[in-house]
Amino acid sequence: MKRSHAIGQSRLARFPASWLAAGLMAVALAASAPASAASADDLSSETRACLDCHDKPVLNKALDNGETLSLAISAPAYAASRHGETDCTDCHSDVDDPAHGKTKKAIKSRRDYAVGMGDSCNDCHKRQVKAYDDGVHAAMVSAGSDKAPVCADCHNPHTQPNVKQAQPIDATPCAQCHKEIFKAYAKDVHGQERAARGKAAPSCADCHKAHAVKAASFGTGIKDACLACHENAVAQHQEWLPNAARHFEAISCPACHAPNAKRRVNLRLINASTQAQLSEKKGVPLFEERTTAADTANMGLDERALLSLLKEFNQGSGNDKVVLQGRLEVSAGVEAHQISDKEHAIKDCDACHRSGAEPFQSVTLTIAGPDGRPLRHGVQEKVLTSLTSIDSVRGFYAIGASRIKLLDVLLVLVVLGAVSVPAAHMSLKWYFRRRRAQEEAAKSTMQDRNAN
Ligand code: HEC
Ligand code: HEC
Ligand code: HEC
Ligand code: HEC
Ligand code: HEC
Ligand code: HEC
Ligand code: HEC
Ligand code: HEC
Ligand code: HEC
């Protein structure tokens, strides 16, 4: 495995003559595919019959949308692939017509054909099909996306190598679509480590999964993936960071580990009893409807709008109370892939625990969309300070969370209809005056602790 990696990476670069490169590649392929038919001669007679026509340098078909589909399948490459012992008709069960190749069959587009062929994998790879169907890409495909991947976008069924074979990092199928993220990853600690030393460091699929890919900010999925490799992370951080586990819940790892990223506060709508993120149902665009109605000037939600929005989400939610939970995260997906070495990570408590700290200058409200990806609406950052009016961030996280029952209390009032919005506003002020005193006391204790 290591050997073919080295060939692909360095020797090719030093010997530019393409014939030599091709020769080396062929050796590498043959050496690494012992389980498949070794050469075209080992293919079944049925498969060879198909290849008699299809192993041609040029064999094209014009599709309805004007695209050209190449019908050429290389016999040696097919024999060396993981499907070398699979017959063509195991997947192409519809090609058994004696008139095949003599009559024209209408195909709308390449995409249409690849999507249609997706079902053919299920006979032999049920586990992967099920996982894929459960993921964000499949959800997008069924919602009509022509950009989200189907099986054949990530696996060429006619040349598929053994997945255990080490590959250069840019061979990951994810790179072809998520280009900017790939570029960032290739330069960060993990990309560099993987390019230099192979599979101990994560590729895209190690953090996101290959098939059951979920929206990245949903739940705690990615944090769990980090901690599966960095098993001692909680203990290591605890040496200098009080209540590290709590910090890990409130802050996404890249928010400290991508030091040049812009950060923001994400207020997530969650179900207080199950702690699960609220999801929008397909075809019922409540979130967009409600946020645009609450923010007609499109200036970002202010605290009154936020409260009345919560009230709306609580109507008809039965006993499940809907609250907001704050989370500090990077503001762009690319930045989550700029993890640097530990020397550059944010260690300064002041980066967050002071008035006007950078991460709290940008606030967004999110709900999980039908496929799990967040739907957002801007929130005025003064919501955080006017809610807390303290130079500590603890108030922010506490919105609706367990420590300070602020919105929980207000919501009970609002839901009961006992108070009008202005009254709720008054009680907010009262609550905060009281909170502030408590926070100030807590803060000086903390400062004392730090000073010691
Ligand atoms: C493991 C399943 C599988 C096997 C085995 C398989 N194919 Fe395919 N084939 C597909 C899928 C999926 C597509 C459509 C996606 C794509 O474009 O690659 C496809 C597409 C094609 C196409 C259209 C051109 C193209 O590349 O998209 C031809 C021609 C073809 N296959 C011929 C063959 C022949 C000949 C064999 C046997 C030597 C074979 N296939 C074996 C799954 C398979
Ligand atoms: C006699 C030559 C010949 C043989 C044998 C042959 N094909 Fe084809 N095949 C063609 C031609 C020509 C086309 C293009 C037909 C068209 O334009 O619609 C084609 C089209 C295809 C396509 C594109 C999609 C479609 O259904 O039209 C697939 C997939 C395919 N062949 C697979 C196979 C498989 C699998 C076998 C073996 C079971 C096979 N072919 C045997 C000549 C052949
Ligand atoms: C008739 C059974 C069959 C069908 C249908 C089939 N495959 Fe396979 N596939 C295999 C076999 C056999 C292997 C060899 C490795 C193994 O035994 O799992 C394999 C290997 C693979 C691998 C590499 C796995 C590894 O461990 O290296 C991928 C990826 C793959 N198939 C994708 C697909 C896709 C995508 C489709 C549908 C377009 C498909 N397969 C349809 C039988 C099948
Ligand atoms: C977004 C890209 C992507 C899509 C879509 C995708 N795969 Fe994969 N698949 C991968 C990657 C990456 C791996 C290698 C995993 C690894 O290295 O651990 C993989 C591995 C596999 C394997 C080897 C066994 C395993 O689970 O590692 C099989 C079999 C497979 N895929 C089949 C499929 C089938 C069938 C589909 C369609 C339902 C599919 N894949 C869709 C990216 C994808
Ligand atoms: C054929 C193109 C394509 C391939 C290949 C592909 N993706 Fe995607 N993916 C998309 C599109 C399109 C979206 C939706 C737009 C977006 O969110 O970037 C998406 C969305 C995602 C999301 C959800 C984004 C969010 O907001 O949380 C994740 C995570 C993801 N992809 C990871 C991967 C991984 C990991 C791989 C490789 C195993 C991969 N993708 C391969 C096209 C692709
Ligand atoms: C509050 C900011 C912050 C958060 C949140 C954070 N880290 Fe760190 N992390 C650091 C700093 C600072 C260091 C360097 C500590 C040192 O060297 O003294 C570090 C060190 C590390 C190290 C190297 C450990 C070692 O000693 O070798 C790993 C691995 C790591 N972090 C992973 C994670 C993961 C995984 C997460 C999310 C679950 C995470 N970090 C969340 C700031 C943070
Ligand atoms: C070390 C783990 C790790 C690796 C490796 C990794 N990601 Fe991510 N990815 C993350 C984290 C963490 C996030 C942000 C999640 C959050 O909001 O907390 C993310 C976010 C994303 C998103 C959503 C972006 C958005 O706009 O919100 C996509 C898409 C994505 N990654 C694709 C990829 C692709 C493609 C690769 C490989 C080139 C990759 N990731 C490699 C951890 C990883
Ligand atoms: C597949 C295993 C794996 C996963 C998953 C993973 N890492 Fe790593 N990580 C590594 C390896 C291997 C290294 C390089 C060796 C080392 O320093 O430990 C590394 C290095 C690091 C470093 C640099 C440590 C230093 O000493 O400077 C940080 C920080 C880090 N990872 C954070 C994360 C975060 C955050 C996540 C999740 C978003 C994550 N890792 C996911 C394996 C992993
Ligand atoms: C990247 C921003 C960030 C950095 C850096 C950071 N914190 Fe925090 N900290 C937070 C957030 C957000 C919370 C709110 C979590 C909660 O209370 O639920 C928090 C909570 C706390 C708490 C209350 C924890 C509890 O038990 O509930 C203490 C104490 C604290 N931080 C101390 C520190 C100290 C000391 C440092 C420096 C060594 C530090 N923090 C660095 C963001 C940060």
- Message: Straight-line reach only, C-alpha to C-alpha below 26 angstrom: list the lysines that residue 382 could link to, leaving out same-chain residues fewer than 8 apart.
- Response: 262, 311, 321, 347, 405, 429, 443
- Query: Can you give me the Cα centroid spacing of region 64-82 and region 263-303 in angstrom?
  - Reply: 46
- Task: Report ³J(HN,Hα) in whole Hz for each residue of region 138-150, in order, from the Karplus equation J = 6.51 cos²θ - 1.76 cosθ + 1.60 where θ = phi - 60°; Gly and Pro get x.
- Result: 5, 4, 5, 4, 6, 7, x, 5, 9, 10, 6, x, 9
- Query: lysines within cross-link reach of residue 342: Cα-Cα under 16 Å, excluding same-chain residues under 8 positions apart?
  - Reply: 187
- Task: Starting from the amide H of residue 362, placed 1.01 Å from N in the peptide plane, find each other amide H under 5 Å away whose residue is 5 or more places distant or on another chain.
- Result: 265
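How high is the FRET efficiency from residue 245 to residue 319, r the C-beta distance, R0 41 Å, rounded to 0.05? Intermediate values should be presented prior to the final figure.
Values: r = 29 Å, r/R0 = 0.70.
According to the calculation, E is roughly 0.90.
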- Any aspartates and glutamates with Cα under 17 Å of the residue 147 Cα? List them, leaving off those in the same chain fewer than 8 positions away. 67, 112, 133, 180, 371
- Message: I'd like the Karplus ³J(HN,Hα) series for region 277-289: coefficients 6.51, -1.76, 1.60, θ = phi - 60°, whole numbers in Hz, and an x wherever there's a Gly or Pro.
- Response: 5, 6, 10, 7, 7, 4, x, 10, x, 4, 4, 5, 4
- Item | residue 107 long-range amide H proximity, modeled H, under 5 Å | 64
- Around residue 55, which amide H atoms from residues at least 5 apart in sequence, or from another chain, sit under 5 Å from its own amide H, with H modelled in the peptide plane? 73
- Karplus (6.51, -1.76, 1.60) ³J(HN,Hα), θ = phi - 60°, over region 264-270, in Hz, Gly and Pro reported as x: 8, 9, 9, 8, 9, 7, 10
- Out of region 66-132, which trypsin sites (Lys or Arg not before Pro) are coil in DSSP terms and have no more than 15 other C-beta atoms within 10 Å? 102, 104, 105, 108
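Every read-out reported here was derived from the displayed coordinates using simple, explicitly stated rules and does not represent laboratory data. Given the structure is predicted, the values throughout are model-derived calculations rather than measurements. Positions of Cβ are backbone-derived with ideal geometry, glycine not excepted, and every protein chain shown enters the neighbour counts.
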